[in-house]
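Participant: Pasting in a structure now, in structure tokens, and then I'll have a few things to ask.
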Amino acid sequence: MADFPSHARVVIIGGGAVGCSAAYHLAKAGWTDVLLVEKNELTSGSTWHAAGNCPNYSGSWGMLKLQRYSTRQYATLGDELDYPINYHVTGSIRLAHTKDRIEEFRHVCGMAHLQDLDLDMMMANEIKAAYPFIELHDLEGGLWDPYDGDIDPAQMTQAYAKGARDLGAHIIRFCAVTDIKPAPAGAWDVVTEKGPVRADVVVNAAGYRAAEIGAMVGRDIPCVSMAHQYLVTEDIAELAARDDKLPLLRDVDDSYYLRQERDGLILGPYEWQATPHWVRGDDPMPDDFSFQLYPDDLDRLEWYIESACARVPILGSVGVQKVINGPIPYTPDGNPLIGPAPGLTNFYECCVFSFGISQAGGAGKILADWVVHGEPEWDMWITDPRRYTDYVTKAHVEAKAVELYQNEYAIGYPNEERPAGRPAKTSPVYERLKAKGAMFGARGGWERAAWFPASAEEAVEKLSFHRTNWFDTVAEECRAVAEGVAIMDLPGFSRFEVAGPGAADWLDGLIAGALPRVGKISLAYMCSPRGAIVSEATITRFEDDRFWLLGAASGEWHDRDWLERHLPAETDITIDNVTARWGTLVLAGPKSREVLAQVVDNDLSSNAFPWLTHQPVTVGMGRGTAVRVNYVGELGWELHMPMEYLLATYDLLWAAGEAHGIRDFGMYAMDSLRLEKGYRSWKVDLDANYTPLMASLDRFVRLDKGEFIGRQALIDQQQAGVPQRFVPLLVEAGTADAPFCAVVWKGDERVGLATSGGYGHRIGRSIALAYVRTDLAHEGETVEVDILGERFPAVVGTELLYDPNNERLKA
Ligand SMILES: Cc1cc2nc3c(=O)[nH]c(=O)nc-3n(C[C@H](O)[C@H](O)[C@H](O)COP(=O)(O)OP(=O)(O)OC[C@H]3O[C@@H](n4cnc5c(N)ncnc54)[C@H](O)[C@@H]3O)c2cc1C
């Protein structure tokens, strides 16, 4: 074809709601040399048949923001782009059948208010007033979202396409991408049915076909399509007689949505009999599924239809006009992929959306932020494609997708460790701990003991927003760490060995603080150019130019890509990902020295082996590294051993510890212990919404050293005044501790956000770690913390609530 372009700055693959929004947002950001290629007609994938519901509600801080961006944009998009869109802002009601659900709603309301979203709780009479056809049986109350509504997905997509075209982007339809090859200088040659095009940047927006595009460049995209159905009724006289459209109704405890469509109703359940498609060889995805559906299967919806008819009897008064059963793609956590493709350069993903209509607007913005600015405006780790690692196989995604679909509307309890797709990665100690009755949780695919029930009867996961059945047992584990000796298997730290001439200088330019001296370790923070926290690493220095960088288990691919991306072109520095080769055992407590001394020859006195240093050790027949550090604030060591020696090391330590009353401890105890020490957790307390200065990590920032990424932004922030600071709060809580994203109040003002909360068993207090306005961030200041909709008094504490001078660590 003569006018097919040979080059584009960005090629977007896929013309659904998301791809078109991405094209529009890129063009709007000034990147107008955009080519969008679509296999069939725009909207022909999942978009054309979507129900078009546009909620703001989300239990995630980032997703709430993203969806708020969408709904705000949709309200004016038609006018802005001169393309009329049917967008009805009807408001929505979420029903609560239980007190737990009410607590969840109250918590999300608090988060939403801090983002200027006026979500509100509803009483039964208010629900009835807003929705006259509803029956109120089994209800505890509800939640009102005034900005919720529905949009015509096809019109919205066409509007974005028009907006993109008006700004100079090209859209070519009936033009499937058939191959993608690397080209010089980090570019890509995208082969299409209408010819090849060289792209500086590629965006995979191919919806449920995203994995086909990924396969062309060796990337295994986690995506499984689930069949989702909704039915549309015939007209209902009561609705025809009304002037206003009914609010959208979500009966989340019975797992369905119900909304008015013209004079009928749309009923869409998330049924227990979740049905994945196109997973196995005998069920291949057809080459072309454009504008197609799966066969109806109303039998699986029977229970939900009956439940909805009992709730809104007019639903049962008419027949079904049509059924839509189409593919919804799922990742293992139900959030889409938006951001850099792991391991690839100039290749982005904006795909696998389960709610791509409500998220298209925000997704386009975040994608454009990534491409144009190198990072999103606010932290979007929840959608970062690098949040998964190699354990995410097809089998894992399928298991998780089914579980997610079944639980699409389930309550988002803290510390829920759902079982599907597990165990994926286990340490050699796993079976030993399992035999002892450990309850596990997965972090970055790695199984870690969460807590150790005293008996089989105790070994149940009782989900609650309040302190629950493991509270007393975890208190015992904490006591063992504080008063005796305890051991923990902590597999999965992402671990990179960085070595070679110039490694130290190079690393120094990546981190905000100082590198440790040889033989020592230190914490280090990597920032983006705007000073935002990108990553945290514990750096162990073995030689002048040889280091280990240890980070969170889930950060393995993220950190690998960050390091590799910043490696100079011509260099002898090597980055070796040794994550799977090493395991970590934590031995902590005042008696840990006596126990460790029985199995190693090293002099463990503080003079010979001071805090924050490391030494080679031999334990039995295994050789590894002992580091005098821990995350729990007691005398102790981390033993880093090759995986093949980990079990033997554990057994030797256990045998040596028995005379001292050694016991196992798990992640829940560690979380309590680290709160008392104010130790931050990456992607919980530390993320790209904050700089290290806001996180009160000044001692890890050296603005007077040479250049490092983010330095100028931090200098600017320091000069302008740091707007928020991270502080520990001692909370006069009731039976629940502060959940993630609890709002902090001063009088009638919202002044901060708690990122972690829990009970500190050593100090016997409820703790929240929070970002608060800088003028309030001083010891003794009183505030209030919103816990599940109720405000509790709190006071800003000293930075280290327990052992403020680290005497126990240095003992
Ligand atoms: C029954 C049902 C109801 C739903 N209701 C809602 C709802 O109420 N609210 C909501 O937010 N979401 C809803 N969804 C989900 C929503 O439809 C999707 O999340 C959304 O449409 C995804 O948009 P997308 O642009 O990512 O993907 P798609 O719309 O699937 O677009 C991807 C495009 O990529 C193209 N493509 C694929 N391969 C190639 C190739 N090789 N070359 C070129 N082009 C290619 C495809 O042809 C397709 O047009 C619903 C889904 C279903 C099934």
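The values are calculated or read from the model by the stated rules, or taken from the named source; none is laboratory data. In this text the structure is predicted, and so the values were computed from the model without any measurement. Methodologically, a virtual Cβ is constructed for each residue, glycine included, from the backbone with ideal geometry; neighbour enumeration extends over all protein chains shown.
Residues checked against (1) within 16 Å of the ligand (Cβ to nearest atom); (2) under 24 Å from the mean Cα position of the chain (by Cα):
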residue: GLY19; (1), (2): yes, yes
residue: LEU26; (1), (2): yes, no
residue: VAL37; (1), (2): yes, no
residue: ARG72; (1), (2): yes, yes
residue: TYR83; (1), (2): no, no
residue: THR90; (1), (2): yes, no
residue: THR98; (1), (2): no, no
residue: HIS107; (1), (2): no, yes
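Participant: Is it the case that HIS614 is touching a strand residue (DSSP E or B) at 6+ places or on another chain (Cβ under 9 Å), more than 24 Å from ALA480 (Cα to Cα) and touching a residue at least 40 places away in the same chain (Cβ under 8 Å)?
Facilitator: yes
Participant: Within the bounds of region 385-400, is there any residue that is assigned to a helix (DSSP H, G or I), within 16 Å of the ligand (Cβ to nearest atom) and not β-branched (Val, Ile, Thr)?
Facilitator: Yes, region 385-400 has at least one match.
Participant: Right, something else. Which of the following residues is away from the ligand (no atom under 11 Å from the Cβ) and without any contact (Cβ under 8 Å) to a residue 12 or more places away in the chain: ALA215, ALA241?
Facilitator: The conditions single out ALA241.
Participant: Now a separate question. Could you list all residues from region 478-511 that are over 28 Å from GLY589 (Cα atoms) and of a type in the set (Asp, Glu)?
Facilitator: Result: GLU497, ASP505, ASP508.
Participant: On to the next question. When region 494-531 is examined, which residues are found to be among the small types (Gly, Ala, Ser), surrounded by fewer than 22 Cβ atoms within 10 Å (Cβ to Cβ) and more than 22 Å from ARG711 (Cα to Cα)?
Facilitator: ALA499, GLY500, GLY519
Participant: Which ones in region 29-47 are surrounded by fewer than 20 Cβ atoms within 10 Å (Cβ to Cβ) and either under 21 Å from ASP251 (Cβ atoms) or not acidic (Asp, Glu) (or both)?
Facilitator: First, pick out the residues of region 29-47 that are surrounded by fewer than 20 Cβ atoms within 10 Å (Cβ to Cβ): 29-30, 32-33, 40-41.
Of everything in region 29-47, those that are surrounded by fewer than 20 Cβ atoms within 10 Å (Cβ to Cβ) and either under 21 Å from ASP251 (Cβ atoms) or not acidic (Asp, Glu) (or both) turn out to be ALA29, GLY30, THR32, ASN40.
Participant: So, one more: Restrict the check to region 389-403 and report whether at least one residue is more than 21 Å from GLU417 (Cα to Cα), basic (Lys, Arg) and in contact (Cβ under 8 Å) with a residue 40 or more places away in the chain.
Facilitator: Checked region 389-403: no residue is more than 21 Å from GLU417 (Cα to Cα), basic (Lys, Arg) and in contact (Cβ under 8 Å) with a residue 40 or more places away in the chain.
Participant: Among the residues of region 371-411, which ones are among the hydroxyl-bearing types (Ser, Thr, Tyr), farther than 29 Å from ASP254 by Cβ and within 17 Å of the chain's Cα centre (by Cα)?
Facilitator: TYR388, THR389, TYR391 - these are the residues of region 371-411 that are among the hydroxyl-bearing types (Ser, Thr, Tyr), farther than 29 Å from ASP254 by Cβ and within 17 Å of the chain's Cα centre (by Cα).
Participant: For residues that are farther than 17 Å from ALA176 by Cβ and not hydrophobic (A, V, I, L, M, F, W, C), tally how many sit in region 277-292.
Facilitator: 5
Participant: When you scan region 324-374, how many residues do you find that are part of a strand (DSSP E or B) and either among the aromatic types (Phe, Trp, Tyr) or more than 15 Å from the ligand (Cβ to nearest atom) (or both)?
Facilitator: Qualifying residue count for the region: 4.
Participant: Can you say whether PRO222 is more than 14 Å from the ligand (Cβ to nearest atom) and under 29 Å from PRO276 (Cβ atoms), as far as the supplied structure shows?
Facilitator: yes
Participant: Filter region 199-210 down to the residues that are within 13 Å of the ligand (Cβ to nearest atom) and among the β-branched types (Val, Ile, Thr), then identify the one that is nearest to the chain's Cα centre (by Cα).
Facilitator: Among those that are within 13 Å of the ligand (Cβ to nearest atom) and among the β-branched types (Val, Ile, Thr), it is VAL203.
Participant: For region 225-238, name all the residues that are of a type in the set (Gly, Ala, Ser), within 23 Å of PRO132 (Cα to Cα) and within 15 Å of the ligand (Cβ to nearest atom).
Facilitator: none
Participant: Quickly run through region 590-611 and pick out the residues that are among the aliphatic types (A, V, I, L, M) and surrounded by fewer than 17 Cβ atoms within 10 Å (Cβ to Cβ).
Facilitator: Our first condition is that a residue be among the aliphatic types (A, V, I, L, M); within region 590-611, this holds for 595-597, 599-600, 604, 608.
Answer for region 590-611, where residues must be among the aliphatic types (A, V, I, L, M) and surrounded by fewer than 17 Cβ atoms within 10 Å (Cβ to Cβ): ALA597, ALA608.
Participant: Based on what the data block shows, is ALA176 more than 30 Å from GLN321 (Cα to Cα), out of contact with any Phe, Trp or Tyr (no Cβ under 9 Å at 6 or more places or on another chain) and touching a residue at least 40 places away in the same chain (Cβ under 8 Å)?
Facilitator: Yes; evaluated as a whole, the condition is true for this residue.
Participant: Next question. Of (1) touching a residue at least 24 places away in the same chain (Cβ under 8 Å); (2) surrounded by fewer than 16 Cβ atoms within 10 Å (Cβ to Cβ); (3) more than 27 Å from the chain's Cα centre (by Cα), LEU801 satisfies all except one. Which?
Facilitator: That leaves (2) as the condition not met.
Participant: Further question on the same structure: Which of the strands (runs of 3 or more DSSP E) contained wholly in region 145-198 include at least 1 residues that are over 30 Å from HIS107 (Cα atoms), within 14 Å of the ligand (Cβ to nearest atom) and among the charged types (D, E, K, R)?
Facilitator: Qualifying strands (runs of 3 or more DSSP E): 177-182.
Participant: Next question, about the same structure. What number of residues within region 564-589 are basic (Lys, Arg) and farther than 17 Å from PHE496 by Cα?
Facilitator: 0
Participant: Taking the stated definitions as given, is VAL312 touching a residue at least 24 places away in the same chain (Cβ under 8 Å) and within 15 Å of the ligand (Cβ to nearest atom)?
Facilitator: It is false that VAL312 is touching a residue at least 24 places away in the same chain (Cβ under 8 Å) and within 15 Å of the ligand (Cβ to nearest atom).
Participant: Which condition from (1) surrounded by fewer than 18 Cβ atoms within 10 Å (Cβ to Cβ); (2) within 16 Å of the ligand (Cβ to nearest atom); (3) among the aliphatic types (A, V, I, L, M) is the one that LEU136 breaks?
Facilitator: With respect to (1) surrounded by fewer than 18 Cβ atoms within 10 Å (Cβ to Cβ); (2) within 16 Å of the ligand (Cβ to nearest atom); (3) among the aliphatic types (A, V, I, L, M), LEU136 is out only on (2).
Participant: Follow-up question, since we're still on this one. How many residues are surrounded by 15 or more Cβ atoms within 10 Å (Cβ to Cβ) and either among the small types (Gly, Ala, Ser) or in a loop (DSSP other than H, G, I, E, B) (or both) if we restrict to region 568-577?
Facilitator: 1
Participant: Checking ARG702 against (1) surrounded by 21 or more Cβ atoms within 10 Å (Cβ to Cβ); (2) modelled with pLDDT of 95 or more, which single condition isn't satisfied?
Facilitator: Result: ARG702 passes all but (1).
Participant: Then there is this: Taking region 101-130, which residues are under 13 Å from ILE787 (Cα atoms) and of a type outside the set (A, V, I, L, M)?
Facilitator: Of everything in region 101-130, those that are under 13 Å from ILE787 (Cα atoms) and of a type outside the set (A, V, I, L, M) turn out to be GLU103, GLU104, PHE105, ARG106, HIS107, CYS109, GLY110.
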